[in-house]
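So the structure is just underneath, and the comments pick up after that.
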Amino acid sequence: MARLMIRNVSVLVVPEAGECRIDEFQDLHVHDDRITAVAPTGADLQVGLEDETGAPEEVEVIDGTGLLAVPGLVNSHTHSPMVMMRGAAEDVSIDDWFNQRIWPMEVNLTPDRVRVGARLACAEMLLAGVTTFVDHYFYADQIARAALESGIRADLAPTYFSSTGPEAIDAAIATTRDLSTLDPRITASLGPHATYTVTDEDLRRTADIARAEGFRIHLHAAETEEQTRSSVDRLGVTPMEVLDRTGVLDAGALIAHGCGIRESDLAILERHADRIAVASCPKVYLKLAMGSVTPIRSLQSIGVPVGVGTDGAAVHNTLDVWESLRMVALTQKQREQDAEWMTISDTLRLATRGGAKAAGLPDTIGALEPGRQADIALVDLSGPHCQPLHDPRAALVYSVRPSDVVTVLVAGQVVVRDRQLTTLDLDEVLAEARDLAHTLVDLSKGGAVQHYTP
């Protein structure tokens, strides 16, 4: 039995609704993987706690003086191994990004290259206070290896296209089953790529398996308004209507992006609001000039949860959820032409409770409350870019950088201490990635894993 206490720390309290607040001079008590109490500093909650021999249990104490404890952030949608393609597909249209750069590069994927990229991604996220990531990529078993080694929490969806054939789809589904029993910190989802790359028949089969075996589905849909128009022209229905008629929404799904969700789709989504979520990655929409951003206000009005993600670093360039947070706040204000919309509290809620719902863990992570997993980041707001500190909540949304994160716990285990990883050798991780990176971006082989024609 492991006991830990973070002493004399300020705590970000994120309620289900309303204003977030900062409670100062608190002690966070952790037993094994869970938070057991949040109490004023000095309250004696350890009396009577004894080990198997009857002796008082030892408690590891982390001094939180001057730091702010926040729920570990959730990266609600990413493709973690794509850090290996960081900066290799710049200043291109969305069509060329897929067809001339990324999908031709992914011909070069191997299990080892994916593992190396995933290790780098896990290191980057943990150092930035991201304790859970929701991933959608190939060789997901290798991503799981990296997640387990680093100590991060992950939901993994093995990607598949209909064009790869039934055997490849069967293999991806089998990987989902294997991952679901691997470790308590690893959950698994079914990962059809998108409504325009997976047939209705394969989506129906995916939905049937999801319902029968208790899996969620994680896929891209209505990423742009152009995709929605194309779907209506080709099929007579929007991507959301495709998900409805194939049973994907009924089975339960995390929808990546949804920028092309239309007003007419909202009634469909509302019927399934208790089992779906949407992940928004706004930096990507700006960079690829996608024309619109996720309609968060409309989705929340019908009860659909929304989380914040980075997408892959091949387009986002970082896995920095702090950056995504401020992008969400700014783009939503601009979209709605309302400076009072997407408040600081609402934005923080998206990154914590919203992320927990997007990860399928609404009652497990996302808040610093007794009974929840001890996924905690301690943040230092003393840097000049955060001072003077009139409102710590505003600093979290608009000022904080990954380098402000000091200590990180996942499931009660210290994975970052004093800004240093405890689980991975960062120099080794970086050296491996540098050695292999050129092999991922090599376009000399020709071919592509898929062609982008939404």
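The values are calculated or read from the model by the stated rules, or taken from the named source; none is laboratory data. Quantities reported herein were computed from a predicted structural model and do not represent experimental measurements. Ideal geometry is used to build each Cβ from the backbone, glycine not excepted, and the neighbour counts take in all protein chains shown. Protein only, heavy atoms only, side chains kept; ligands, DNA and RNA dropped before computing areas. Shrake-Rupley method; radii C 1.70, N 1.55, O 1.52, S 1.80 Å.
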Of all the strands (runs of 3 or more DSSP E) wholly in region 338-437, which have at least 2 residues that are among the aromatic types (F, W, Y) and open to solvent by 10 Å² or more (accessible area, probe 1.4 Å)?
none
Of the criteria (1) farther than 16 Å from A359 by Cα; (2) out of contact with any Leu (no Cβ under 7 Å at 6 or more places or on another chain); (3) of a type outside the set (S, T, Y), which one I94 fails
(2)
Only residues that are farther than 27 Å from V83 by Cα and assigned to a helix (DSSP H, G or I): list them for region 297-321, please.
R297, S298, L299, Q300, S301
What are the pairs with Cβ atoms under 9 angstrom where one residue, in region 406-432, is at positive phi and the other, located anywhere, is crowded, with 17+ Cβ neighbours inside 10 Å and of a type in the set (G, A, S)? Sequence gap at least six, or different chains.
A411/G151; A411/A374; G412/A374
Scanning region 300-329 residue by residue, the ones that are surrounded by fewer than 24 Cβ atoms within 10 Å (Cβ to Cβ), in contact (Cβ under 8 Å) with a residue 40 or more places away in the chain and in contact with a strand residue (DSSP E or B) (Cβ under 8 Å, 6 or more places away or on another chain) total 2
Under 7 Å between Cβ atoms, which residue pairs at least 6 apart in sequence (or on different chains) link something in region 347-367 that is touching a residue at least 24 places away in the same chain (Cβ under 8 Å) with a partner that is part of a helix (DSSP H, G or I) and open to solvent by 10 Å² or more (accessible area, probe 1.4 Å)?
L348/R393; G366/R353; A367/R353
What helices (runs of 4 or more DSSP H) lie completely within region 185-290 and have 1 or more residues being crowded, with 24+ Cβ neighbours inside 10 Å?
200-213, 225-235, 239-245, 248-251, 282-287
Looking for something in a helix (DSSP H, G or I), open to solvent by less than 30 Å² (accessible area, probe 1.4 Å) and more than 30 Å from V416 (Cα to Cα) - is there at least one such residue anywhere in region 107-122?
yes
Neighbours by Cβ (under 6 Å, 6+ apart or cross-chain): first from region 180-195, within 14 Å of H77 (Cβ to Cβ); second among the β-branched types (V, I, T) and open to solvent by 10 Å² or more (accessible area, probe 1.4 Å):
G191/T159; H193/T159
With respect to the numbered conditions (1) open to solvent by 40 Å² or more (accessible area, probe 1.4 Å); (2) within 16 Å of V315 (Cβ to Cβ), which one is the sole condition not fulfilled by N75?
(1)
